[in-house]
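Q: Mind having a look at this structure? Questions to follow.
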């Protein structure tokens, strides 16, 4: 799979869905400022993905935020099954602890088949976390705090995003996704 094409599709998803629908109020600044590092890994299983994640976490922690504020680790060949991906997230959090990066970096999860607990597979709210490829978004906690130090506003983001997509409706969300070629349900 062509890494350049994977990154371009991911960038379009961020521009159209994440920024376009204002799902993340912090995304525009880092996107427009070219402060996002996109890394496509050839990992094919959880073990090799853990190794790639470790390298990316260490690299982000060692790089000044003025150069790379956030990183997206895209893994198109690993954990295509959402349940396997979801299970891997506990390992990812364990890796943060192992590297003493808890409270420094947090990991946000995105997957083409993302499904919140208690929702049906085609529920519109799942699309708040559906991306073109399985990916892990590594965020510096200091960066989030600098742009918004109100924990209540941060906690409201997922609910606000779900409400936004419910207002749009599944047909409009699928049309938006179809226009940029992202995987659907």
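Q: Do we have residue 79 as in contact (Cβ under 8 Å) with a residue 60 or more places away in the chain, under 30 Å from residue 172 (Cβ atoms) and buried (at least 17 other Cβ atoms within 10 Å of the Cβ) here? Quick ask: steps written out before the conclusion?
A: Numbers: in contact (Cβ under 8 Å) with a residue 60 or more places away in the chain: no; under 30 Å from residue 172 (Cβ atoms): yes; buried (at least 17 other Cβ atoms within 10 Å of the Cβ): yes.
No: the conditions fail for residue 79.
Q: Pick out, from region 1-118, the helices (runs of 4 or more DSSP H) lying fully within it that include 3 or more residues that are within 19 Å of residue 129 (Cβ to Cβ).
A: So the answer is 3-13, 27-32, 82-98.
Q: Working carefully through the options 21, 89, find the one that is surrounded by fewer than 20 Cβ atoms within 10 Å (Cβ to Cβ), within 19 Å of residue 126 (Cβ to Cβ), without any contact (Cβ under 8 Å) to a residue 24 or more places away in the chain and under 16 Å from the mean Cα position of the chain (by Cα).
A: 89
Condition check ((1) closer than 28 Å to residue 91 by Cβ; (2) modelled with pLDDT of 95 or more; (3) touching a strand residue (DSSP E or B) at 6+ places or on another chain (Cβ under 6 Å)) across all residues:
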position	(1), (2), (3)
9	yes, yes, no
24	yes, no, no
29	no, no, no
35	yes, yes, no
41	yes, yes, no
51	yes, yes, no
55	yes, yes, no
68	yes, yes, yes
75	yes, yes, no
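Q: Tell me yes or no: at least one residue of region 60-69 is more than 18 Å from residue 143 (Cα to Cα) and crowded, with 19+ Cβ neighbours inside 10 Å.
A: No.
Q: Would you point out which residue out of 79, 99 is at pLDDT 95 or above and more than 22 Å from residue 127 (Cα to Cα)?
A: Just one listed residue meets the conditions, 99.
Q: Let me ask another. Please give the number of the condition residue 149 fails out of (1) at pLDDT 95 or above; (2) out of contact with any helix residue (DSSP H, G or I) (no Cβ under 8 Å at 6 or more places or on another chain); (3) not in a helix (DSSP H, G or I).
A: All conditions are met except number (1).
Q: Limited to region 29-53, what total is found for residues that are exposed (fewer than 15 other Cβ atoms within 10 Å of the Cβ) and under 21 Å from residue 66 (Cβ atoms)?
A: Residues that pass the stated criteria total 4.
Q: I've got another one for you. Can you name every residue in region 107-129 that is farther than 12 Å from residue 86 by Cα and surrounded by fewer than 16 Cβ atoms within 10 Å (Cβ to Cβ)?
A: Residues satisfying the conditions are 118, 119, 120, 121, 122.
Q: For region 66-86, what are the residues that are touching a helix residue (DSSP H, G or I) at 6+ places or on another chain (Cβ under 6 Å) and within 20 Å of residue 99 (Cα to Cα)?
A: Answer for region 66-86, where residues must be touching a helix residue (DSSP H, G or I) at 6+ places or on another chain (Cβ under 6 Å) and within 20 Å of residue 99 (Cα to Cα): 69, 70, 71, 73.
Q: When you look at residue 8, is it under 15 Å from residue 139 (Cα atoms), exposed (fewer than 14 other Cβ atoms within 10 Å of the Cβ) and more than 13 Å from the chain's Cα centre (by Cα), yes or no? Reasoning before the result, please.
A: Details: under 15 Å from residue 139 (Cα atoms): no; exposed (fewer than 14 other Cβ atoms within 10 Å of the Cβ): yes; more than 13 Å from the chain's Cα centre (by Cα): yes.
So residue 8 fails the test.
The values are calculated or read from the model by the stated rules, or taken from the named source; none is laboratory data. Everything numeric in this text was worked out from a predicted model, so none of it was measured. Glycine gets a Cβ as well: all are built from the backbone with ideal geometry, and neighbour counts include every protein chain shown.
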